[in-house]
Structure formats: C-alpha cells, structure tokens
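For reference, the structure discussed in these notes is given below.
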Amino acid sequence: MKKDKWGYGIHPDRQIDLDNANLSLLELVRQSEPSYNLCIACGSCAATCTAGNLTTISLRRINIYLQRGMIKELREEIRRCMLCGKCYLACPRGVNTRHVIIAIHEALKATGYEEL
Amino acid sequence: MRQVVIIGGGVAGLEAAGFLGKMGHQVVLLEKEKAVGGHVGKWDRLFPNRRQGSEVMDFIRKKMDEKVSIITEAGIKSIDTSPDGYAVVLTNGEAIRADAILLATGFELFDARKKEEYGYGIYDNVITSADLERIFREEGKITTADGQAPQKVAFVHCVGSRDEKAGNVYCSKVCCVTGVKQAIEVKEMMPAAKVYSFYMDIRMFDRHFEELYIEAQQQGITFIRGRLSEVYEDQGKVQCKVEDTLTGKPMKVTVDLLVLLVGFMPSPETKRLAGMLKINIGSDGFVLPIDGHISQNETGVPGIFLAGAVTGPKCIATTLSDARSAALQIDQYLKTK
Ligand SMILES: Cc1cc2nc3c(=O)[nH]c(=O)nc-3n(C[C@H](O)[C@H](O)[C@H](O)COP(=O)(O)OP(=O)(O)OC[C@H]3O[C@@H](n4cnc5c(N)ncnc54)[C@H](O)[C@@H]3O)c2cc1C
Ligand code: SF4
Ligand code: SF4
Ligand code: SF4
C-alpha cells in the first residue's frame, strides 16, 4: 500500500515494557555506586549543571533512563557530561553523581553497549 | 462519682479509658465488635520501627484498672439527653448514664472493590495492605492464589485517597509509610523478589519515616512515579498499566501479586452517632472538632468529646496523644460541671 496515498504510517511502540527491559547496566551501577539507589528524582543536579544550560543533559533523566533500561537514550545523553562534579554538591540525597556517570561509562564498556 | 461513656475500643478509646480511670472516673467502654483493639489489633509489625502491634496493645491494656468496664458487641440504639448529662441506650434496652461521652469510633478501611479498575475481589492475586498484615500475622509466608512464592510484587499508593472519583479528596497519611514498610518486609522475606511501588508522591510526614524510605531504596525497591490506571489478570499474572511520569512514557509491568494501599474512610456508624449527638461532620465525612488547631477534642456540644481517627487519618502515636488530651479535657469538664 502506498503511504503517500493513504497517509498512514506505523508508529514504533512508545511503551516501556519493564518486564523485558535491559537492566544489566543498572545492576552494575548499583554495585559500583550504592548511593545511586537513593536518588529521588528531584532535579537539583540537572538545574545546577552548566552543560544543561547549553545542551540536553539532565542527570535526573540519565538516572531514570538507566532504571528503565533505555540504553540508547542514556548513551546519547551521558556524552554531554564534562565530569565537573557540580551536581554532586547539589544532590540532597548525597548521591555521588560524578561517580555514577563514571560507573555508567564503565558499565557501558563492560556490557559492550558503548559501541552500539 | 462521675461516669464517662467511651464509644469505640480502638487504641484511642482504650488509652482514654485507662487515663480517665486513673484520674478517678468511672468508665464504660462500648465496643461493637467481639473484642476491643480496633484496627491496631489487626496489624502485625508497626511502622516506623517494626515492633509488634501486640506490644502496643499490651501497653495500653495494662493501664486499665477496675474503674473501666468494657461492654463488647454493644449496639447503640439512641443517645438521650437528661437534665444531668446523657443516657446511652443499647439495643438490648440497657441505658447507661453518662456525664460525658467520648466518641472514639475510628475509621473504616476504604473498600477496594470500589476501584474496579484494580480488580480487588475480581482477580485472584490482588490484595490490600490490611490483607497483607493478616498474612504476615497468621500465615508467616506470602503466596499467590495457586500457592507459589511470588517473584514480583507491586504496591499501589493512594487507593481510595486523593481521588475525587472515589469521593475522597484527602490524603490518608499513613498508607505511604505502611506501603514502604511492607515493601521492605516482602523484600526481607523473599530477597530474590522484585518489588515495585506505584506512587504519586511519597509522603513521609513523621519522624523516622524518611529513613524508612531510604532503607527501601537501599534494598533496591523500584519506585515508579505514576498513578496506576488499570490492571488485567491473565493466568494469575497481574499486568499493570501506568504512566512512568519521569520519562513521560506509558509503562507495562507484570507482577505475581498486587497490594493495594487502602486509605481511611469515615465510618457510617460515626455518621449516625454524630447525627444523634448533633455534632458537625466535615465535607470529607470525618467529625469536625470546634477548632483544628486549638481544640481537636471538643465538639461544641457540652460533654461530647472526640479522640483518634474519628477526626481524620492518624498514626498510633498521634492517636494516643489525642486520646490523652481528650481524657484531660474530659477531666476538666467534669470538675467544673
Ligand atoms: C493498613 C494500615 C496499617 C497501619 N499501620 C500502622 C502502623 O504500623 N503504625 C501506626 O502508627 N499506625 C498504623 N496505622 C494507623 C492506625 O491503624 C490508626 O492510627 C489507629 O487504628 C487509630 O485508632 P482509633 O482507635 O482512632 O480507631 P480504630 O482503630 O478504627 O478503632 C475504632 C474502634 O471503634 C469501634 N467502633 C466503631 N463504631 C462503633 C460504634 N458505633 N459502637 C461501638 N464501637 C464502635 C470499632 O469497632 C473499633 O474497635 C495503620 C493503618 C492502616 C490502614
Ligand atoms: S558532572 Fe556532568 S552532569 Fe554533573 S554538573 Fe557536571 S556536567 Fe553536569
Ligand atoms: S540531585 Fe540527587 S536526588 Fe536529585 S535527581 Fe539528582 S541525583 Fe537524584
Ligand atoms: S499517605 Fe501516601 S498513599 Fe496514602 S493517600 Fe497520602 S500520598 Fe497516598
């Protein structure tokens, strides 16, 4: 069927299927940086991030991508972090945010998802 | 000697009875059920420190002396005014003189069947937080309907609370901390199980509560921000649909057991008694004290006092303080009467 004639397309499923999500990175990060578990998604880190003023980076969002197994989005966004550590100063839960990012890079490497 | 009639033998009524007895008053406590204890008598371990509920009950009971007489399975037919106070008439015809009355009729659990979209009473593997307390107390292990150990368990916050559709705009206050406590207990019982929590806000209002939340996070409980919209059970598996509001995407999670954190409801009995006593009820259905800041225990009707969850959701510590405060005010009232 010709698409231009009918105007229909197929949308990819937007739904998160947590049953089949790839949480292998999450487990590695949890082990490497236990304070990661304490994130309450408050957004302080993202608000204070200098890179966030100029590009789309939010550590709060990176954290949630990791928890939902959204590896493609995670990998894309984490590249914009310059590891300045400013977010660590802002986090009310004492999450070692800078080390979380390093742990995510290491987990990406360990699982081979870095190159995908 | 002055006589006080307490209606309701939950922790509020019992604590007030103990104190009023110690203050030298005669107390008659009326309980509609076979035994006193109210809701706390049904809980296993309590938040925030997970001590046994029975310990608290024993502590309260120990204070009661011969000044307190308890009538269980008491039905109240009418409350009549007499020149020197009140007469509480029971359904068996007995009339009990009262110089003051303490209304401590507590709350009722929200009937989870009303949230049909969650399937309580329809699906096999959907239970309430109150059911889970009973399971902890009586069975000591958690199983699905077909006797298996669940590998995935989810908790649903705000069931029947903060919900105009259920007719309740208010927050029930204690279900967040109850849910977090129970999530930890499930995880401790079955360390390999995955435990989820669907929440809108985690409201940890009191001392040591936030620490419990942190403990749950450390145990790896997955908190998903979004109000569960509906569930569907297929071959014993409960499929949950929610918006993961932190990613802004719809989400699907399948679990073996779903626990609904049911909220507080004002009881119809309280409404009936409030009508007899001519005291006011708020738009939320709970009894209104004359002043929410200054006097939680007075009703504006002389000799009629309030204590506990009859004036809205409360945890045990607040309920007990409220009951002692009511006892003190009743004592003052009787002295000046
Ligand atoms: C699932 C759940 C878990 C909870 N866990 C905890 C916890 O771990 N820690 C904590 O601090 N709090 C907890 N709470 C809160 C706690 O249950 C309340 O604070 C407490 O029950 C309030 O006591 P109460 O005496 O005011 O009311 P209730 O416990 O409701 O007692 C009221 C009593 O009055 C009786 N009654 C009612 N109407 C009449 C009538 N017309 N005539 C005679 N008798 C009547 C009832 O039968 C009942 O015995 C929990 C609540 C829920 C829903
Ligand atoms: S460490 Fe990265 S995420 Fe944190 S403030 Fe610096 S650039 Fe932003
Ligand atoms: S500041 Fe800390 S708690 Fe807040 S979103 Fe960032 S990592 Fe999470
Ligand atoms: S205490 Fe928590 S679960 Fe209960 S009604 Fe309030 S926000 Fe909802």
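Among B:PHE198, B:PHE110, B:PHE155, which is among the aromatic types (Phe, Trp, Tyr) and either closer than 21 Å to B:GLY37 by Cβ or in contact with a Pro (Cβ under 9 Å, 6 or more places away or on another chain) (or both)?
Details: B:PHE198 fails: either closer than 21 Å to B:GLY37 by Cβ or in contact with a Pro (Cβ under 9 Å, 6 or more places away or on another chain) (or both); B:PHE155 fails: either closer than 21 Å to B:GLY37 by Cβ or in contact with a Pro (Cβ under 9 Å, 6 or more places away or on another chain) (or both).
Just a single option satisfies the conditions, and that option is B:PHE110.
So which residues in region A:77-99 are within 14 Å of another protein chain (Cβ to nearest Cβ) and either surrounded by fewer than 21 Cβ atoms within 10 Å (Cβ to Cβ) or within 10 Å of ligand 2 (Cβ to nearest atom) (or both), if there are any at all?
We begin by selecting, within region A:77-99, every residue within 14 Å of another protein chain (Cβ to nearest Cβ); these are A:77, A:91-95.
Passing the criteria: A:GLU77, A:CYS91, A:PRO92, A:ARG93, A:GLY94.
Would it be correct to say that A:ASN63 is at pLDDT 95 or above and within 11 Å of ligand 2 (Cβ to nearest atom)? I'd like the intermediate steps shown before the answer.
On the way: at pLDDT 95 or above: yes; within 11 Å of ligand 2 (Cβ to nearest atom): yes.
It is true that A:ASN63 is at pLDDT 95 or above and within 11 Å of ligand 2 (Cβ to nearest atom).
Do we have A:TYR65 as among the aromatic types (Phe, Trp, Tyr), in contact with a His (Cβ under 9 Å, 6 or more places away or on another chain), within 14 Å of chain B (Cβ to nearest Cβ) and under 22 Å from B:ALA216 (Cα atoms) here? Break it down stepwise before answering.
On the way: among the aromatic types (Phe, Trp, Tyr): yes; in contact with a His (Cβ under 9 Å, 6 or more places away or on another chain): no; within 14 Å of chain B (Cβ to nearest Cβ): yes; under 22 Å from B:ALA216 (Cα atoms): yes.
Judged against the criteria, A:TYR65 is not a match.
Are there any pairs with C-beta distances below 7 angstrom linking a residue in region B:179-193 that is modelled with pLDDT of 95 or more to a residue that is aromatic (Phe, Trp, Tyr) and part of a helix (DSSP H, G or I), with the two at least 6 apart or on different chains, and if so which?
From region B:179-193, the pairs are B:VAL180/B:TYR213; B:GLU185/B:PHE136.
Hey, among the residues in region B:286-307 that are out of contact with any Asp or Glu (no Cβ under 9 Å at 6 or more places or on another chain) and of a type outside the set (Val, Ile, Thr), which one's surrounded by the most Cβ atoms within 10 Å (Cβ to Cβ)? Steps first, please.
Filtering region B:286-307 down to residues out of contact with any Asp or Glu (no Cβ under 9 Å at 6 or more places or on another chain) leaves B:286-288, B:292-295, B:299-302.
Right, trim to of a type outside the set (Val, Ile, Thr) and you get B:286, B:288, B:292-293, B:295, B:300, B:302.
Values: B:PHE286: 23, B:LEU288: 18, B:GLY292: 11, B:HIS293: 6, B:SER295: 15, B:GLY300: 13, B:PRO302: 10.
Filtering region B:286-307 for residues that are out of contact with any Asp or Glu (no Cβ under 9 Å at 6 or more places or on another chain) and of a type outside the set (Val, Ile, Thr), the one surrounded by the most Cβ atoms within 10 Å (Cβ to Cβ) comes out as B:PHE286.
For region A:49-76: of the residues being in a helix (DSSP H, G or I) and small (Gly, Ala, Ser), which is surrounded by the most Cβ atoms within 10 Å (Cβ to Cβ)?
Narrowing region A:49-76 to residues in a helix (DSSP H, G or I): A:50-54, A:59-67, A:71-76.
Pick out the ones that are also small (Gly, Ala, Ser) and you get A:51-52.
Details: A:ALA51: 18, A:GLY52: 20.
The selected residue is A:GLY52.
Residue under question is A:SER44, and the condition is that it be within 14 Å of ligand 2 (Cβ to nearest atom), more than 9 Å from chain B (Cβ to nearest Cβ) and among the hydroxyl-bearing types (Ser, Thr, Tyr); does it hold?
Taking the combined requirement at face value, the residue satisfies it.
What about A:SER35, is it within 22 Å of B:TYR199 (Cβ to Cβ), within 13 Å of chain B (Cβ to nearest Cβ) and small (Gly, Ala, Ser)? Let's see the steps before the verdict.
Values: within 22 Å of B:TYR199 (Cβ to Cβ): yes; within 13 Å of chain B (Cβ to nearest Cβ): yes; small (Gly, Ala, Ser): yes.
The answer is yes for A:SER35.
Take B:PHE198 and tell me if it is within 13 Å of ligand 1 (Cβ to nearest atom) and not in a helix (DSSP H, G or I).
So B:PHE198 fails the test.
Just the residues that are within 13 Å of another protein chain (Cβ to nearest Cβ), closer than 10 Å to A:ALA107 by Cα and touching a residue at least 24 places away in the same chain (Cβ under 8 Å), please, taken from region A:23-32.
A:LEU26, A:VAL29, listed by residue number.
The values are calculated or read from the model by the stated rules, or taken from the named source; none is laboratory data. Worth saying up front: this structure is predicted, and the values here are computed from it rather than measured. Reconstructed Cβ throughout: ideal geometry from the backbone, glycine too, with neighbour counts over all protein chains shown.
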